[in-house]
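Encoded as structure tokens, the structure appears first; notes follow it.
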Protein chains: 2
Amino acid sequence: MRVTPSSVASAHTADCVIFGFADKELRVLLVRRAVPPFAGDWVLPGGAMMDRETLEETARRVLLDMVGVKNVTLRQVGTYSDPDRHPVRRVVTTSFYALVQPKHHAPEARGHAREATWHAVSAVPNLGFDHDRLLRDAHQRLILHLRTRPLAFELLPERFTLTEAQLLYEDILGEELDRRNFRRKLQGYDFLMETTEIRSGVKGGPKLYAIDHGLLAAALSD
Amino acid sequence: MRVTPSSVASAHTADCVIFGFADKELRVLLVRRAVPPFAGDWVLPGGAMMDRETLEETARRVLLDMVGVKNVTLRQVGTYSDPDRHPVRRVVTTSFYALVQPKHHAPEARGHAREATWHAVSAVPNLGFDHDRLLRDAHQRLILHLRTRPLAFELLPERFTLTEAQLLYEDILGEELDRRNFRRKLQGYDFLMETTEIRSGVKGGPKLYAIDHGLLAAALSD
DNA sequence: CCAAAAGTGTTTCGCTTACACCCATGG
DNA sequence: CCATGGGTGTAAGCGAAACACTTTTGG
């Protein structure tokens, strides 16, 4: 409650686990550090909390800088405070996860990042700091949320087929789903609209679906 | 990731939402502040993170100081970083909830606390800082955990009747449960052992049950 | 034309819910 | 002895899970 003599004023950062779905795989946006410590290593994009800013605002700022998106789902996962998690000085970090659509937002490398690209979650390299753990924890949290709420539609483009939605669910959850049961469940959602279009260039002639964002927001805010 | 010129080094505290069960009600341990800000107000016990300490260690230290317990369930709930949440200077806090058995541990008022007592969760006074929100969030998290894991037994004494367990569940969840369904569910737990003792001083002659802590730990660590 | 993916219903299973009577004890 | 709480089983409902064939299309 109070800062006593032996208490510590630590720097505080927000790190973002930015999930996207592209090429039939769940992906995460990583940046490559240009400066020590961990220069050359891949890490989660993050930034220091500023003077009059909440941590969530910090995370939104990072998100805007890196992928230029606003108004996305952003959820706090946890706070990491191991005194040695940063090799140079004490830095506490709070992680958030965000769901975005990679197609619309090319990542940009800025600040201390040399490079910023999407990586398949199933094949991320070893990350700097304790970011492997942050990523694992965020992925677990996403799975937990996805099992109770239809969150995944935030990751899908304007038009998509039910099979694409199923591949996304399967990739996040890490398990195979029954096609008929999955489709029945989705068709029960009132925010899912069948269009008259079909996807070309793929066999079977699958119908395209779209999201009524108003109804989706209502379903997510229970 | 880095401390830039306009970033802020804030004090960081851990606040504990210590739940206990006594007199047939879910309770929470609160302390009354002896010093400004919020002198005289009830708040959650908390303390500043020290130099070589994780936030969880801070929470455990507070817990030990306040109720003298070790080895309890301690779960991180969230981090609160509104720049104005502390009226004097910037303090970020991370909250944890803990489950303890009030009988064995008399609360002690120490440090900046004038008084420390158990309050029924259903009738807590207005708290200082943003602790009303911390308490609400922690209670919601406890409910979430309780619905998926048999956590509540950490709150019960060595010997208890099934009715007592039911009252605890009902008080945490805020809803009434069917007695037969509840008992069937509990009797399915392998860590619950029926004893030969019965509780005296109460009508009906109810059997007392005990917990096999090894099996409980196994069940909780799925 | 054929290989690959889309599309479609019904049955089974397990869990959750609802519900009422007799027994044991304290006062 | 009686009022209060303890103790017990069964049937119905609901959502999840299992399962196979026909249609459409790209190549």
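Cβ neighbours within 10 Å, averaged per peptide: list A:98-110, B:93-105 in order, most packed at the top. Working shown, then result.
Working: A:98-110: 16.7, B:93-105: 21.5.
Going by the mean number of other Cβ atoms within 10 Å, highest first, we get B:93-105, A:98-110.
Report, for A:GLY214, each distance to the same residue's label point in the other copies, shortest first and in nm; define the point 7 Å along Cα→Cβ.
6.2
May I ask for the angle, rounded to the nearest 10°, between helix B:55-67 and the longest principal axis of chain B, with both axes built from Cα atoms and the value confined to 0 to 90°?
60 degrees
Can you pull the mean other chain C-beta count within 10 Å for peptide A:35-41?
Averaged over the peptide's residues, the number is 1.
Between B:ASP65 and A:SER122, what is the label-point separation in nm under the 7 Å Cα-to-beta-carbon projection?
About 5.0 nm, to one decimal.
Classify the protein assembly as shown from the C-alpha gyration tensor, please: rounded if a/c falls under 1.5, else prolate or oblate depending on whether a/b exceeds b/c.
In terms of gyration-tensor shape, oblate.
What residues of region B:102-117 lose no less than 40 Å² of accessible area with every protein chain in place versus their chain by itself (probe 1.4 Å, heavy atoms only)?
At a threshold of 40 Å² (probe 1.4 Å), the residues of region B:102-117 that become less exposed are B:HIS112.
Charges at C-beta only: +1 for Lys and Arg, -1 for Asp and Glu. How large is the resulting dipole of the protein assembly as shown about its Cα centre, in Debye rounded to 20?
On the way: 60 positive and 58 negative charges, 1 e Å.
With only Lys, Arg, Asp and Glu charged at Cβ, the dipole is about 0 debye.
Solvent-accessible area per residue for region B:151-220 at a 1.4 Å probe radius, Å²? Don't skip to the answer; put the middle values down first.
Values: 4010 Å² over 70 residues.
Value for region B:151-220: 57 Å² per residue.
Using θ = phi - 60° and the Karplus relation 6.51 cos²θ - 1.76 cosθ + 1.60, list the HN-Hα couplings for region A:19-34 in order, rounded to whole Hz, with x at every Gly or Pro.
Karplus-based 3J(HN,Hα) across region A:19-34 equals 8, x, 10, 8, 6, 6, 9, 6, 10, 9, 7, 10, 10, 9, 6, 9 Hz.
Can you list the distances in nanometres, one decimal and ascending, from the A:ASP190 label point to the identical position in each other copy, with the point 7 Å along Cα to Cβ?
4.5
For region A:151-220, which whole percent of the accessible surface, found with a 1.4 angstrom probe, sits on carbon and sulfur atoms?
49 percent
Which whole-angstrom value gives the distance between the alpha carbon centres of region B:15-92 and region A:182-222?
Cα centroid of region B:15-92 versus Cα centroid of region A:182-222: 46 Å apart.
Buried accessible area for the A:B pair, summed, 1.4 Å probe, in Å² rounded to 100?
3400 Å²
Straight-line reach from B:LYS103: which lysines have a Cα under 22 Å away, not including same-chain ones fewer than 8 places off?
B:LYS24, B:LYS70, B:LYS207
What FRET efficiency would be calculated for the residue pair A:LEU74, B:ILE198, taking the C-beta separation as r and a Förster radius of 56 Å, to the nearest 0.05?
Details: r = 54 Å, r/R0 = 0.96.
Calculated transfer efficiency: 0.55.
Can you list the residues, at least 5 places off or on another chain, whose amide H is less than 5 Å from the amide H of A:LEU26, using H built in the peptide plane?
The answer is A:VAL121.
Write down the accessible area per residue of region B:26-104 in Å², having rolled a 1.4 Å probe over the full set of protein chains.
Per residue, region B:26-104 has an accessible area of 38 Å².
Take the solvent-accessible surface of the protein heavy atoms, probe 1.4 Å, and return the percent of it on region B:11-148 that carbon and sulfur atoms account for. Present the calculation step by step, with values, prior to reporting the outcome.
Numbers: 2700 of 5770 Å².
The value for region B:11-148 is 47 percent carbon and sulfur by accessible area.
Of A:SER95, A:GLY68, A:ALA152, which is farthest towards the positive pole of region A:45-163's charge dipole, taken about the Cα centre with +1 and -1 on the beta-carbons of Lys, Arg and Asp, Glu respectively?
My answer, from the dipole projection, is A:ALA152.
Okay, helix-only estimate at 222 nm for chain A: each DSSP H run of n ≥ 4 adds -39500 (n - 2.57), divide by all residues, round to 500 deg cm²/dmol; what do you get?
-8500 deg cm²/dmol
For region A:85-208, rounded, prolate or oblate, judged on the Cα gyration tensor with a ≥ b ≥ c (square roots of eigenvalues), a/c < 1.5 rounded, else prolate if a/b > b/c?
It comes out prolate by the Cα gyration axes.
The values are calculated or read from the model by the stated rules, or taken from the named source; none is laboratory data. Because the structure is a prediction, the values reported are computed rather than measured. Neighbour counts are summed over all protein chains in view; Cβ atoms, including those assigned to glycine, are modelled from backbone coordinates with ideal geometry. Ligands, DNA and RNA are excluded from the accessible area calculation, which covers all protein heavy atoms including side chains. Shrake-Rupley method; radii C 1.70, N 1.55, O 1.52, S 1.80 Å.
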